[in-house]
């Protein structure tokens, strides 16, 4: 497994490999996240800052951090990081997803569910998007400052992890590792890891996904994120219908999977890439209207 996880364009450490083995609550293994990011870069318009477009390897490296933060070796960090990666949409019923964490907490209290159990994924994306917009505003004021550029690279990498997670259907449902039991617990069937590993097993590349598309800025990244999560949730039945066709752990990549499996993977990767690129680009555009305080010289 370790060899499959390593790629020269990202400095993924042995700690990450340990985390993958020890923690089944992941979304996309390294190949999936890198495939989404590579495709996202191809979707970006020409007016993105040049330094950003030249920072693919560094952004890819930073994209691993949210999963590293879930390591069992970090007991003070893991409990708060884990729910940032998913949303069990069915637990919210027909209720609209509130635009802020505070309102979400109120909804969960009303529904008598734990927000940590239901997950925070849309807020992870919208909040890191706003952090990126602020960092870009600082860059506009100090374009030659290397610290600000490094900050942008780090934030963009973290944001890209969560946007890619939203395209893994099993991170947008209560049925995340087998159909949930009546008490809401997971049977832990192993389908989750088989989906996580799918882009790597199929050898999926950005060129397989992006075909001359370019993204546009979004008027509301939160609403776009919620739409993407609902779209992923809508693929749950298709995922389970194809469960027997998903590559198994002992199969060597690339696997010659059925066309329906390849199409499912491509659709997920494209959705993740589009949301990633749009979130990055929207943050850049939004930054032009952000007024920094007078004391920020």
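Take every Cα pair under 8 Å whose residues are at least 6 apart in sequence, average their separation, divide by the length of the chain, and the relative contact order is 28 percent.
Here the gap between residue 103 and residue 188, fully extended at 0.36 nm per residue and compared with their Cα-Cα distance, gives a gain of 27.5 nm. Pick from 53, 195, 269 the residue whose mean-square fluctuation is largest in a GNM of the chain, springs joining Cα atoms under 10 Å. Largest GNM mean-square fluctuation: 53.
Would you work out the relative contact order for region 203-297, in percent, from Cα pairs under 8 angstrom that are 6 or more residues apart?
Details: 43 pairs, mean separation 47.0, N = 95.
That works out to 49 percent.
Roughly what % of Cα-Cα distances in the chain sit above 29 Å, to the whole percent? For the chain, the share of Cα pairs beyond 29 Å comes to 32 percent.
From the Cα trace of region 212-297, what convex hull volume per residue do you get, rounded to a whole Å³?
Values: hull volume 14.7 nm³, N = 86.
Hull volume normalised by residue count: 171 Å³.
Among 232, 287, the order by Cβ neighbours within 10 angstrom, fewest to most, reads 287, 232. The Cα atoms of region 151-254 define a convex hull whose projected area, averaged across directions, is 9.0 nm². Classify region 176-229 as rounded, prolate or oblate, taking a ≥ b ≥ c as the square roots of the eigenvalues of its Cα gyration tensor: rounded when a/c is under 1.5, otherwise prolate if a/b is larger than b/c and oblate if not. The shape class here is oblate. If R0 is 22 Å, the Cβ-Cβ spacing of residue 181 and residue 113 corresponds to a FRET efficiency of close to 0.90. Put the Cα centre of region 175-201 next to the Cα centre of region 29-61 and the gap is 28 Å. Seen through its C-alpha gyration tensor, with square-root eigenvalues sorted a ≥ b ≥ c, region 70-176 comes out prolate because a/c lies at 1.5 or above while a/b is bigger than b/c.
A simple spin-label model places pseudo-atoms 7 Å from Cα toward Cβ; at residue 240 and residue 74 they are separated by 3.3 nm. Quickly estimate the mean residue ellipticity at 222 nm for the chain, helices only: each DSSP H run with n ≥ 4 gives -39500 (n - 2.57), and the total goes over all residues, rounded to 500. The helix contribution divided over the chain gives -16000 deg cm²/dmol. Over the chain, with a Gaussian network built from C-alpha contacts below 10 Å, which listed residue (263, 31, 243) shows the highest mean-square fluctuation? Its mean-square fluctuation being the largest, the pick is 263.
Comparing 41, 51, 86 in a Gaussian network model of the chain (Cα springs below 10 Å), the most mobile by mean-square fluctuation is 51.
Any read-out appearing in this document is the output of simple, stated calculations on the displayed coordinates, not a laboratory observation. Given the structure is predicted, the values throughout are model-derived calculations rather than measurements. As a convention, Cβ positions derive from the backbone with ideal geometry for all residues, glycine included, and neighbour counts pool all protein chains shown.
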